[in-house]
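The next block holds one structure in the form of structure tokens; read it before the comments.
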Ligand code: GLN
Ligand code: ZN
């Protein structure tokens, strides 16, 4: 019989119960015991749900209060000093949270920073980076995996605990004084102990995740895998290891992975369906093969016929000892259940599958494989019918895409000529002061939006209030001497949602929450049809703001690549095609803003880097179309219209050529925390256009003095000619309060004026 398996279930709870439990605990309203009880109830509910769906291998220890990598580090004793752990015995919960969130400084103590947080592969989940040193003494502080097995068994459910594998654990960690892989010999005995404990607790399978196997591995990793899995196979001979790989294909790593002494291998056949044949050819015949057929990264219903075809092909090959059917990866990256979405267009809802619905697909595929297509005929018909319900292509969108020309991605003239035309038009002083777009989203602003949503005020009353706030902000910017003011984005709920709600082809869920980190969740929009712009989106607001001032008002848009990367994207078109559709919609908005007299337009692309493929070999292609889409959205304007862009992430070195190829007249970047060192990439590349390096770290409530910002500007001026420098904060100010923004911006103006006077 084929095993229906799951690799991991969402932790946050169908109604974000974990978020509520965590935040009330952090606020001191609930005890540790109450928090742990809420978490246990969530785990029991998801086990019951998976069991009820017919899943045979139900994951355990896939849960984490904050982050599973953090929990792994704590269980293995990889806890840096200074966070409240004695170095012996279980790591207190308070230490987990101190590592995750930092310890605020007080008069008596300097506090401690949180562990660095970074993206989990190419997902929007963020994990905490374990901090190791050559002196890290690994020890099993608590066998959370064995405990999870016992917790399930106590309620009658045998589970398959999920363990982040030792090599991926080390590759995902950071150490200053040693290559993390060198710590493997010290780590393996602890992993062996974990496995023995799991076996003793009564599990027959363990899932060991090694997602690094789908990436470009560093030197020495192959040998590390061989050593590690030889040791783990010996540690608990009665325990079957399923080695799980996901987020891509194994490619050149397949030959050695196939030889690792494990009971079974899980492969991602959604991201890399083509690897099935190679895996079937390479895998020794005594291995189990787990087929990742249901997309754990996206919200679409599975094409059951196609998935079943792949499974049948695997079965017919006779190569694998036995088969499992599973999602491609843990379901952590999709929302809980469609059941809560009562307001979605029914035609769209029929085409979706969230975590709960994906479980049913897994079970159905396993059954279809064992009992034949006839046994799942109704499900196959429903799957076919849902696919046939895809919205009809928008012929106008298709027609426009067919007529794209290279000229549409080219500004009229090279930068130098544009800069001259823009200077003649705007007559800006050196080091012009601007901001990134948003001003504080205060309680007042949020209340207005909430009252509109509840129907307590009408659109006109809401808009009038937003205009009042905009007018106040414009007046204030004039008073303090901001050279290029912004309208403040008060009317926007979110930089993607605001545009998605006005574009055709987008849909929004009510409860489609996905964990981003800790208690933070996002509800990504769903791009399900051809994207187009039925009407102007921002022109009214920008034109109103411009009417209040003689200074150039900067229009503010979210770029096509960011719109794409922060959404669930339809899977029946190449991503680059969807991105081009969005780019054309933004291009229309850019053209309308220009026609309405807006002379500067910022197209934000903070998520451009987030779309980078995991493999180096795939990156050039992504960057090619991402840059092209940005240029398509921006290049509609004349020379005298100034295009800005903004990016806030901390690395440009490896993509500086592409950043330059975007050819924005001005780019603002986040640099305050890095002391301008990020500008090195721009300097050594001789980046030709204008740059606004952030001089105020808006992530901190601290108000910087003018002297500090002056110092940063001076440093910047040593790397980039002052004639091409702008002065601005690191990012938008929506999360800050006016009490910080007012003095900080005034100080920023003062700093820019001081340096200006010295030029
Ligand atoms: N214009 C946006 C703002 O100011 C940019 C946000 C971002 O970079 N994430 O809020
Ligand atoms: Zn930003």
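When residues in the stretch 437-448 are screened for being crowded, with 18+ Cβ neighbours inside 10 Å and either at positive phi or in contact (Cβ under 8 Å) with a residue 40 or more places away in the chain (or both), 6 of them pass. Considering each of 582, 586 in turn, give the residue that is part of a helix (DSSP H, G or I), away from ligand 1 (no atom under 16 Å from the Cβ) and touching a strand residue (DSSP E or B) at 6+ places or on another chain (Cβ under 7 Å). One residue alone meets the criteria, 582. Quick one: would you say residue 631 is more than 16 Å from ligand 1 (Cβ to nearest atom) and either closer than 25 Å to residue 541 by Cα or buried (at least 22 other Cβ atoms within 10 Å of the Cβ) (or both)? Taking the combined requirement at face value, the residue satisfies it. Which residues, counting only those in the stretch 332-347, are within 21 Å of residue 125 (Cβ to Cβ) and part of a loop (DSSP other than H, G, I, E, B)? 334, 335, 336, 337, listed by residue number.
What are the residues in the stretch 531-548 that are farther than 24 Å from residue 667 by Cβ, in contact (Cβ under 8 Å) with a residue 40 or more places away in the chain and either assigned to a loop (DSSP other than H, G, I, E, B) or within 16 Å of ligand 2 (Cβ to nearest atom) (or both), if any? Quick ask: steps written out before the conclusion?
Applying the first criterion (farther than 24 Å from residue 667 by Cβ) to the stretch 531-548 yields 531-536, 540, 543-544, 547-548.
Now drop any that are not in contact (Cβ under 8 Å) with a residue 40 or more places away in the chain, which leaves 531-533, 536, 543-544, 548.
533, 536, 548 - these are the residues of the stretch 531-548 that are farther than 24 Å from residue 667 by Cβ, in contact (Cβ under 8 Å) with a residue 40 or more places away in the chain and either assigned to a loop (DSSP other than H, G, I, E, B) or within 16 Å of ligand 2 (Cβ to nearest atom) (or both).
Consider the stretch 671-695 and keep the residues that are touching a residue at least 40 places away in the same chain (Cβ under 8 Å) and within 20 Å of residue 623 (Cβ to Cβ). The one that is farthest from ligand 1 (Cβ to nearest atom) is 688.
Is there a residue being within 16 Å of ligand 2 (Cβ to nearest atom) and closer than 26 Å to residue 541 by Cα anywhere in the stretch 441-459? Scanning the stretch 441-459 turns up at least one residue that is within 16 Å of ligand 2 (Cβ to nearest atom) and closer than 26 Å to residue 541 by Cα. Among 188, 181, which is the only one that is within 28 Å of the chain's Cα centre (by Cα) and part of a helix (DSSP H, G or I)? Result of the check over 188, 181: 181. Residue 669 passes every criterion in (1) buried (at least 22 other Cβ atoms within 10 Å of the Cβ); (2) more than 16 Å from ligand 2 (Cβ to nearest atom); (3) within 18 Å of residue 609 (Cα to Cα) apart from (2). The condition of being out of contact with any strand residue (DSSP E or B) (no Cβ under 7 Å at 6 or more places or on another chain) and under 22 Å from residue 210 (Cβ atoms) holds for only one of 144, 101, that being 144. Within the stretch 336-355, not a single residue is out of contact with any helix residue (DSSP H, G or I) (no Cβ under 6 Å at 6 or more places or on another chain) and over 30 Å from residue 392 (Cβ atoms).
The set of residues in the stretch 690-735 that are within 16 Å of ligand 2 (Cβ to nearest atom) and either out of contact with any strand residue (DSSP E or B) (no Cβ under 9 Å at 6 or more places or on another chain) or in a helix (DSSP H, G or I) (or both) comprises 697, 698, 699, 700. Residue pairs whose Cβ atoms lie under 7 Å apart, sitting 6 or more positions apart in sequence or on different chains, and linking a residue in the stretch 600-615 that is in contact (Cβ under 8 Å) with a residue 24 or more places away in the chain and farther than 13 Å from residue 630 by Cβ to a partner that is more than 9 Å from ligand 1 (Cβ to nearest atom) and assigned to a helix (DSSP H, G or I), are 610/565; 612/619; 612/622; 613/619; 613/622; 614/214.
With in contact with a helix residue (DSSP H, G or I) (Cβ under 9 Å, 6 or more places away or on another chain), in a loop (DSSP other than H, G, I, E, B) and at pLDDT 95 or above as the only criterion, which of 213, 217 stands out?
217
Name, by its number, the condition in (1) surrounded by fewer than 20 Cβ atoms within 10 Å (Cβ to Cβ); (2) at negative phi that does not hold for residue 202. Failing condition for residue 202: (2).
Considering the conditions (1) assigned to a loop (DSSP other than H, G, I, E, B); (2) touching a strand residue (DSSP E or B) at 6+ places or on another chain (Cβ under 7 Å), residue 505 is excluded by exactly one of them, (1).
Of the residues that sit in the stretch 642-665 and are in a loop (DSSP other than H, G, I, E, B) and in contact (Cβ under 8 Å) with a residue 60 or more places away in the chain, which one is nearest to ligand 2 (Cβ to nearest atom)? Only one residue tops the list, namely 648. Checking each residue in the stretch 417-440 for being within 16 Å of ligand 2 (Cβ to nearest atom) and out of contact with any strand residue (DSSP E or B) (no Cβ under 9 Å at 6 or more places or on another chain) picks out no residue at all.
Within the stretch 464-496, can you find the residues that are within 16 Å of ligand 2 (Cβ to nearest atom) and either over 30 Å from residue 423 (Cβ atoms) or assigned to a loop (DSSP other than H, G, I, E, B) (or both)? Walk me through it before giving the result.
Pass one, the stretch 464-496, residues within 16 Å of ligand 2 (Cβ to nearest atom): 486, 488-489, 492, 494-496.
489, 492, 494, 495, 496, listed by residue number.
I want to confirm something. Restricting to the stretch 92-138 and keeping residues that are on the phi > 0 side of the Ramachandran plot and free of Cβ contacts under 8 Å to residues at least 40 places away in the same chain, which single residue is nearest to the chain's Cα centre (by Cα)?
Start the filter on the stretch 92-138 by keeping residues that are on the phi > 0 side of the Ramachandran plot, which leaves 102, 111, 121.
Restricting the remaining residues to those that are free of Cβ contacts under 8 Å to residues at least 40 places away in the same chain gives 102, 111.
Values: 102: 22, 111: 28 Å.
Applying the filter and picking the extreme gives 102.
In this structure, is residue 88 under 26 Å from residue 701 (Cα atoms), surrounded by fewer than 19 Cβ atoms within 10 Å (Cβ to Cβ) and without any contact (Cβ under 8 Å) to a residue 60 or more places away in the chain? Break it down stepwise before answering.
Values: under 26 Å from residue 701 (Cα atoms): no; surrounded by fewer than 19 Cβ atoms within 10 Å (Cβ to Cβ): yes; without any contact (Cβ under 8 Å) to a residue 60 or more places away in the chain: yes.
Judged against the criteria, residue 88 is not a match.
For the stretch 292-308, the tally of residues that are in a strand (DSSP E or B) and either closer than 24 Å to residue 346 by Cα or free of Cβ contacts under 8 Å to residues at least 40 places away in the same chain (or both) stands at 2. Scan the stretch 451-463 for residues that are surrounded by fewer than 12 Cβ atoms within 10 Å (Cβ to Cβ) and assigned to a helix (DSSP H, G or I) and jot them down. 453, 459, 460, listed by residue number.
Selection of the stretch 400-450 for residues being assigned to a loop (DSSP other than H, G, I, E, B), within 16 Å of ligand 1 (Cβ to nearest atom), under 26 Å from residue 716 (Cα atoms) and in contact with a helix residue (DSSP H, G or I) (Cβ under 9 Å, 6 or more places away or on another chain) yields 435, 439. For the stretch 698-716, filtering for residues that are surrounded by fewer than 18 Cβ atoms within 10 Å (Cβ to Cβ) and under 22 Å from residue 649 (Cβ atoms) leaves 5.
Filtering the stretch 508-530 down to residues that are under 22 Å from residue 298 (Cβ atoms), outside any strand (DSSP E or B) and under 19 Å from the mean Cα position of the chain (by Cα), which residue is farthest from ligand 2 (Cβ to nearest atom)?
The first filter runs over the stretch 508-530 and keeps only residues under 22 Å from residue 298 (Cβ atoms), leaving 508-517, 520-530.
Keeping just the survivors that are outside any strand (DSSP E or B) gives 508-513, 523-525.
The next check asks that each one be under 19 Å from the mean Cα position of the chain (by Cα); those that pass are 508-509, 511-513, 523-525.
Numbers: 508: 23, 509: 25, 511: 27, 512: 24, 513: 23, 523: 20, 524: 18, 525: 19 Å.
Ranking the candidates gives 511 first.
Could you go through the stretch 578-593 and let me know if any residue there is under 16 Å from the mean Cα position of the chain (by Cα) and crowded, with 23+ Cβ neighbours inside 10 Å. No, the stretch 578-593 has no match at all.
The values are calculated or read from the model by the stated rules, or taken from the named source; none is laboratory data. The shown structure was predicted, so the numbers you read here are calculated from the model rather than taken from an experiment. Backbone-built Cβ (ideal geometry, glycine too); neighbour counts: all protein chains shown.
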